[in-house]
There are 2 protein chains.
Amino acid sequence: MTTTATTLKGQPLDRQTLDAMLRRRLFFTPAFEIYGGVAGLFDYGPPGCSLQANIVDLWRKHFILEEDMLEIDTTVLTPHEVLKTSGHVDKFADWMCKDPKNGDILRADHFVEDVLESRLKGDKEARGEKVEEEDDPKKKKKRKTKTEAVKLEDALVQEYEEILARIDNYNGEELGELIKKYDLKNPATGVQPSPPVAFNLMFQTSIGPSSNLPGYLRPETAQGQFLNFAKLLDFNMQQMPFASASIGRSYRNEISPRAGLLRVREFLMAEIEHFVDPEGGKKHHRFSEIDAIELTLLDRHTQLAGKTDVKKMTIGDAVRNKVVDNETLGYFLARIHLFLQKIGVDMTKVRFRQHMENEMAHYATDCWDAELLTSSGWIECVGCADRSAYDLSVHAKKTGAPLVVRERLDEPRVFEEWQVEIDRKKFGPQFKKDGKTVEAALEATNQEQREKLAKQLAENGELELEVAGVGNGTVKVSKDLVKVEFRKRVENTREYTPNVIEPSFGIGRIMYSLIEHVYWNRATEDGGDEARGVLSFPPTVAPTKVLIVPLSANKQFQPFVSKISQKLRKIGISARVDSSSATIGKRYSRNDELGTPLGVTIDFQTVQDSTITLRDRDSTKQVRADEDTIVAAIQSLVTGAREWKDVAAELPAFEGQEVDVAVR
Amino acid sequence: MTTTATTLKGQPLDRQTLDAMLRRRLFFTPAFEIYGGVAGLFDYGPPGCSLQANIVDLWRKHFILEEDMLEIDTTVLTPHEVLKTSGHVDKFADWMCKDPKNGDILRADHFVEDVLESRLKGDKEARGEKVEEEDDPKKKKKRKTKTEAVKLEDALVQEYEEILARIDNYNGEELGELIKKYDLKNPATGVQPSPPVAFNLMFQTSIGPSSNLPGYLRPETAQGQFLNFAKLLDFNMQQMPFASASIGRSYRNEISPRAGLLRVREFLMAEIEHFVDPEGGKKHHRFSEIDAIELTLLDRHTQLAGKTDVKKMTIGDAVRNKVVDNETLGYFLARIHLFLQKIGVDMTKVRFRQHMENEMAHYATDCWDAELLTSSGWIECVGCADRSAYDLSVHAKKTGAPLVVRERLDEPRVFEEWQVEIDRKKFGPQFKKDGKTVEAALEATNQEQREKLAKQLAENGELELEVAGVGNGTVKVSKDLVKVEFRKRVENTREYTPNVIEPSFGIGRIMYSLIEHVYWNRATEDGGDEARGVLSFPPTVAPTKVLIVPLSANKQFQPFVSKISQKLRKIGISARVDSSSATIGKRYSRNDELGTPLGVTIDFQTVQDSTITLRDRDSTKQVRADEDTIVAAIQSLVTGAREWKDVAAELPAFEGQEVDVAVR
């Protein structure tokens, strides 16, 4: 499962160098670091905050605006009863082991995975095969003991590999059996940990002054959307299908967070709940628009066979071949694919992996994860689940609220069926206190039973029915008290509980994976060995769009700097001025690390003829033109209307300062 | 203190009618309503969510972009130690009383306020004066017993009024004394509640699987900004002053939330921490831009005198007259004023109220609240505090992190002062184990003491110093061990802890107050008695900008509807199509309630000549022109570049469908 991560340009990706750069540029930083930090909690500095805002903004346009979804904003604090009903209180847990010797708390699946991977690595070493470097420094540190080069039997190697391929499919008991069977020991102590127990991942608190209302921090935004279903349907003027959406924080008390931004305890989610009629195969009216989009799929059967081979397939074929359950689920998988592409994710590092039976959340009937390949392996960044009618049904049952759609039928539906008609006036006097019970037993009969009862009535003038607790358990009812007849019934309205297709995005994970995908090292032009990091964000996503640099601190440049800044601010383009005394090359380097796609330089020629230069981060090429032409070019690049090659083809190239860029 | 609230047009504001409308249109709704709801928790539906997003967007442009503030995004989960250091664990509390009879939990200041207001009302009734209606239905309900018409002595009336004017200035003990002195009883039981005790308002939880790290949900975003101060200063290339900003949720476990969106337990805050050099009077380099802006001020002295009379004053004069402490604080008060104006707040219903000594948060040295007048009285919507160096100092002291600015001085500072020089080689052998103590005592002397010690050395060849715990408490040090001389000291760098000016916005309170300020009732044209609600949001803030209505369900209209929708979407203007079968008038009414400022109608003339009509919500006037002209007009209105009167003056008026508007 270990992967060798590469940069955008195929260079080996050094996670530690990248992390150091991201912290230096304040993309993110451990929260409460001056207090020693808290595992799994991170703050975003200005570039991270802006990158996050831009991704969320594109998300909102791509999903909410494009499909007129109903965005709502619900509370994080959630009373116990709601999450008890949804099943989270009982089932939203990970399996946790404890080391009896030193008290280490281990997440069971990660523990099994780590030890087996370590043994496989030792086996490779013993066989003299090339062993890939561990990319995740935290993981390396966590393992503590060095891998021992011990050769394993071929059959055992295959067993381990198959276990790892379906590691997400084991429950606690099964993980416990694996630990015993293969004698898996905590590397820190050499001791086998205790059997896995469930640890609920929700943060608990209590609401109100008298501490009488227990509550949790929501583990997902979904429940707030379900509880408002009836109001949203009303707001949508009873039109189906429709989707609600929420962007907000959720909380999971991870057992042992690691891997930086990839497993955190507080995170931003963007979730869609698309409500659809379960009848008619969950078709989607815009499916034809995405039918031909090709996705990379890793289905359930492949994984259960202990393999991880992906298939490339159009989403149209995937739905028609029943690899993906239905059109609506397939539609959203394709839309997710398009979204990831739009924000700049490397699509060769994306796969859609289907959940295995035991792995699926307690509510899901089918589920696919969009996974992105990073230096920590394949990371689940988007989940897309068919939650069926589960949530609406359980909340409706618990509260009595009608979380249903009532639809007037264009053509009334006619049912022909056996119906029971009871003469209540005679029924009471005859059966006395048992009247209601007998009545209920009659009503509860199914079609097959009723057909038999009708026959009895016709043949014997009475029917015999088993009614527990009345007399000797068998009751006779004569034909003057009850009729059982085959009749027509007409329905003009239809009532149903919608099914829910839920695309659910972990914004922080997407953001971190994207950063790895657009990261690369620029060779220094003077052949120096210090690699210079670049983040090639698309201009639409980049935290800052334009760096404005005056050639030097010369006062003549100042009015031009102010003017271009104001012009850009007025059209809503975020720019940053760097008037520091560093060389232009150094200032551009700093902004390469921030992923700023464009640079504008004010130099002595500007003072003479008011022209300015525009630099492309990725190619370091420059063009030169008057201010308005450059501003128009910037705007077209930032909105995504044009690409650099279009601009470079149109405007005169400029070579002047490029020599300076190599200077450090 | 009770006020008669009015609408934008001066009509009496009926809170219940407004609330019903806001819920019907799903601006907001009690969270978990199908589970019976939880006090103080609300969800925002699509219009509320969009209104909130637009206010936040304008806030970001008005403050963050305009002044290049550093936006960061920090975690809500906060470990105990951080909030212990900041003082929140010990001091972030309200005073709470308990009714010994029925267990009612009362917030002490609100309880005192309610009972005294009720007695004053009863006094007015007894004197036969007009009594204003209670506007807040929850308050009315809460009071439970009817006000008794009992006449009070004139002196007592004055006492009560003075207490109410400074109700925010009492601590728990004082509130307890008031309860005893005036025998204040819980109306629900007729019993005097227990003496007030402090109730901490933070929600508590624990972080991690072993429950060993207690934490809280942050009560403000500020601490996350302070903890990152050193990194932010670095990111800002050591330039001072600068500001950080955060937009995010905070949590306060209110004792008894009421008044709808005005007192909630989970809310969105937008906070700025402006770091400024405490030397030089906290000047602000852009103060001249806002010097002449006139604010409505209610200062501390007026309130302590038991009055609530406001003064109108330019912020320039307020700072020069020391009503407001310094320029930077004043600058932000004026910027807050401009922001409220920009989003459409009725500026006749705004005042800036200064905090009284006991009322100020434990960290503040001066603080002003922007209060907005609503049907629940004057509501604190923005706080603007000078937190001095408090937070940075306590965190630096606790953690040892250098939360300071180091500034290279352009001109070195020269100090002439008495300096102590100890000969450590001889000192140790002479004083043995007491050496360090005596040394510290010498170092700790001030300038005045040193001057005397120098004199002793010169005159007696030794000095006498009191050192507790050494010998008999007096130590003699001879001149061969120590020199005390008047010398020059040169400093090339200066180190200081910045002071913090903090404007802090409660977005939900601003939003609700704004809704009351822009709400009014349109008389029906047929003289019907059903008042029709209108929310006159400025187009920049309105949740949806344009309603698109085809005259009828006629299929001919559909292509025009699609075309105009797409055009508007492309330029980022949120529009909503209403193709329902309701009359155009009804459809416009629905959108008046949603505050949609503009309406476009597609009718039979559109099919003939491609012209469409544009309707202004407030005047209900319409103009007619071709599609591109109307789209351009919409864009200029939505960005705030033009007003309706400009558009109406330019484009031909249209009267055609107006007759229909009266039809309901």
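Computed from the coordinates by the stated procedures, all read-outs in this text should not be read as laboratory data. Just so it is clear, the structure is predicted and the values come from calculations on it, not from any experiment. In this analysis, Cβ positions are derived from the backbone assuming ideal geometry, glycine residues included, and neighbour counts consider all displayed protein chains.
Look at the alpha carbon pairs under 8 Å that are at least 6 residues apart: their mean separation over the length of chain A gives a relative contact order of 13 percent. The same position B:N358 in the other copies lies at 6.5 nm from this copy, comparing label points 7 Å beyond Cα toward the beta-carbon, shortest first. Note on B:R258, B:R107: ascending count of other Cβ atoms within 10 Å places them as B:R258, B:R107, the fewest first.
For a footprinting-style exposure proxy, rank A:T596, B:T4, A:T437 by other Cβ within 10 Å, fewest first. Show your work: numbers first, answer last.
Values: A:T596 26, B:T4 10, A:T437 15.
The most exposed by this proxy come first: B:T4, A:T437, A:T596.
If you wrap the tightest convex hull around every Cα atom of chain B and split its volume per residue, you get 242 Å³.
Can you give the mean number of other chain Cβ atoms that lie within 10 Å of the Cβ atoms in peptide B:64-74? Numbers along the way, then the final one.
Working: counts 1, 3, 1, 0, 7, 1, 5, 7, 9, 13, 10.
That average works out to 5.
Note on B:V197/B:K101: beta-carbon distance plugged into 1/(1 + (r/R0)^6) with R0 of 22 Å gives a FRET efficiency of 0.80. Helix A:558-570: angle to the longest alpha-carbon principal axis of chain A, degrees 0 to 90, nearest 10? Between helix and principal axis, roughly 20 degrees. For the stretch B:7-49, the spread of Cα coordinates along the three principal axes comes to 38, 20, 15 Å, biggest extent given first.
So what is the relative contact order of the stretch B:410-491, in percent, for Cα pairs below 8 Å that sit 6 or more residues apart?
On the way: 103 pairs, mean separation 39.4, N = 82.
Across the stretch B:410-491, relative contact order equals 48 percent.
Positive-end ranking of B:L551, B:L152, B:G208 along the dipole of chain B, with charges on Cβ about the Cα centre, is headed by B:G208. Of all aspartates and glutamates in the structure, the ones whose alpha carbon falls short of 14 Å from that of A:K283, not counting any fewer than 8 places away in one chain, are A:D291, A:D325, A:E327, A:D386.
How many percent of the alpha carbon pairs in the stretch A:410-491 exceed a separation of 19 Å?
On the way: 1268 of 3321 pairs.
The calculated P(r) of the stretch A:410-491 puts 38 percent of pairs beyond 19 Å.
Counting only other chain Cβ atoms within 10 Å of each residue's Cβ, the peptide A:20-29 averages 2. Counting only alpha carbon atoms, the long axis of helix B:46-59 and the longest principal axis of chain B meet at about 50°.
For chain B, what is the mean residue ellipticity at 222 nm derived from helices alone (per DSSP H run of n ≥ 4: -39500 (n - 2.57); sum divided by total residues; nearest 500 deg cm²/dmol)? Can you show the working numbers first?
Details: 25 runs with 233 residues, N = 664.
For chain B, the value works out to -10000 deg cm²/dmol.
Angle of helix A:172-181 to the longest C-alpha principal axis of chain A, folded into 0 to 90 degrees and rounded to 10: 70°.
Among the GluC sites (Glu not before Pro) in the stretch B:23-101, those located in a DSSP loop and surrounded by at most 16 other Cβ atoms within 10 Å of their own Cβ are B:E66, B:E67. Reported to the nearest whole Å, the Cα centre-to-centre distance from the stretch B:331-380 to the stretch A:4-38 is 42. Determine the alpha carbon to alpha carbon distance for each of A:K555/B:K282; A:K9/A:K342; B:K84/B:K436 and list only those over 21 Å. As for pairs spanning more than 21 Å Cα to Cα, those are A:K555/B:K282; B:K84/B:K436. Computed on the Cα atoms alone, the convex hull of the stretch B:437-570 gives a volume of 329 cubic angstrom per residue.
Close amide H pairs (under 5 Å, H built 1.01 Å from N) link A:A31 with A:V38, A:L41, A:F42, A:D43, residues at least 5 positions away or on another chain.
Grab the eigenvalues of the alpha-carbon gyration tensor for the stretch A:544-650, scale each by 5, take roots, and send me the semi-axes largest first in whole angstrom. Walk me through the intermediate numbers first.
Details: eigenvalues 74, 49, 35 Å².
Largest first, the stretch A:544-650 gives 19, 16, 13 Å.
Enter the mean number of other protein chain beta carbons within 10 Å of the beta carbon of each residue in B:103-109, as an integer. Walk me through the intermediate numbers first.
Numbers: counts 1, 0, 3, 1, 1, 0, 0.
Neighbouring Cβ atoms belonging to other protein chains average 1 per residue here.
Suppose every K and R has +1 on its Cβ and every D and E has -1 on its Cβ; what is the size of the dipole of the stretch A:283-354 about the Cα centre, in Debye to the nearest 20?
So the magnitude is around 160 debye.
Taking the axis that rotates chain A onto chain B, the chain A residue nearest to it by Cβ, with the distance rounded to whole Å, is A:T205, 2.
Exposure proxy for B:I64, B:I612, A:I501: other Cβ atoms within 10 Å of each Cβ, ordered fewest to most, give B:I64, B:I612, A:I501. Under the criterion of Cα pairs below 8 Å and six or more residues apart, the relative contact order for the stretch B:544-650 equals 27 percent. Here the stretch A:54-70 and the stretch A:406-447 have alpha carbon centers that stand 50 Å from each other.
Taking the Cβ of A:E407 as the center, what net charge do the other residues with Cβ under 13 Å away carry, scoring Lys and Arg +1 and Asp and Glu -1? Let's see the in-between values first.
On the way: positive: A:R406, A:R408, A:R413, A:R494; negative: A:D277, A:E279, A:D410, A:E411, A:E491, A:E495.
For residues surrounding A:E407, the net value is -2.
Averaging 1/r over every pair of different alpha carbons in the protein assembly as shown and inverting the result gives a Kirkwood radius of 36.1 Å.
Just how large is the dipole of the protein assembly as shown about the Cα centre, in debye to the nearest 20, putting +1 at every Lys and Arg Cβ and -1 at every Asp and Glu Cβ? List each step's numbers first, then the result.
On the way: 186 positive and 210 negative charges, 208 e Å.
Dipole about the Cα centre, nearest 20: 1000 debye.
Note on the stretch A:73-127 and the stretch B:242-301: Cα centroid distance 42 Å, given to the nearest whole angstrom.
Just how large is the dipole of chain A about the Cα centre, in debye to the nearest 20, putting +1 at every Lys and Arg Cβ and -1 at every Asp and Glu Cβ? Before the final figure, lay out each step's value.
On the way: 93 positive and 105 negative charges, 312 e Å.
Dipole about the Cα centre, nearest 20: 1500 debye.
Kindly give Rg over Rh for the stretch A:448-525, based on alpha-carbon atoms, with the Kirkwood expression for the hydrodynamic radius. Before the final figure, lay out the partial values.
Values: Rg = 33.4 Å, Rh = 19.8 Å.
That ratio is 1.69, to two decimals.
Under a 5 Å amide H cut-off, with hydrogens placed 1.01 Å from N, B:A5 pairs with B:L13 among residues at least 5 apart or on other chains.
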